[in-house]
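Working notes, structure below.
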Amino acid sequence: MKEKFSYFLPPSDQDWREMWNKGIFVFDANSILNIYKYKETAVEDIFKVLEDAKIKGRIFLPWHAANEFFNNRLSVINEQAKVYDDFIECIKNFQKN
């Protein structure tokens with residue numbers, strides 16, 4: 001039964017190693033757009049992993065994901081800027097009281 005329904009079972013340590021060492025890393029638009037929302041140190045860590053020679057050549061970005069990224073990039077940047085602006089305004093209002 002385990003063989004017929006193996007996809008319901010958690011991967012073994014060996015399976016994880018094999019996926020990490022041989023798998024293809026495919027990104028969707030949201031995973032890339034979220035980079036604009038992370039701390040700078042987190043973004044640096046992400047890019048360090050992506051630049052690692054062990055996965056170089058195994059990163060794939062589908063055309064549709066790239067298209068969605070570029071269509072939504074500016075709105076995500078503006079949303080994040082608004083979050084910071086709102087926070088600054090909140091601090092200013094707090095200091096007045």
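Read-outs throughout are calculated quantities, based only on the coordinates presented, and are distinct from any laboratory measurement. The structure displayed is predicted, hence computed values, not measured ones. All Cβ positions, even for glycine, are placed from backbone atoms using ideal geometry, and neighbour counts span all protein chains on display.
Structural remarks
- Cβ-Cβ distance of A81 and E18, R₀ of 41 Å, FRET efficiency by 1/(1 + (r/R0)^6): the value works out to about 0.45.
- Net charge over other residues, Cβ less than 15 angstrom from the Cβ of S31 (K, R count +1; D, E count -1): -1
- Within straight-line cross-link reach of K82, lysines at Cα separation under 28 Å, skipping those fewer than 8 residues along the same chain: K37, K39, K92, K96
- Stretch gain in nm, segment N93-F47, where the contour uses 0.36 nm per residue and the Cα spacing is subtracted: 12.8 nm
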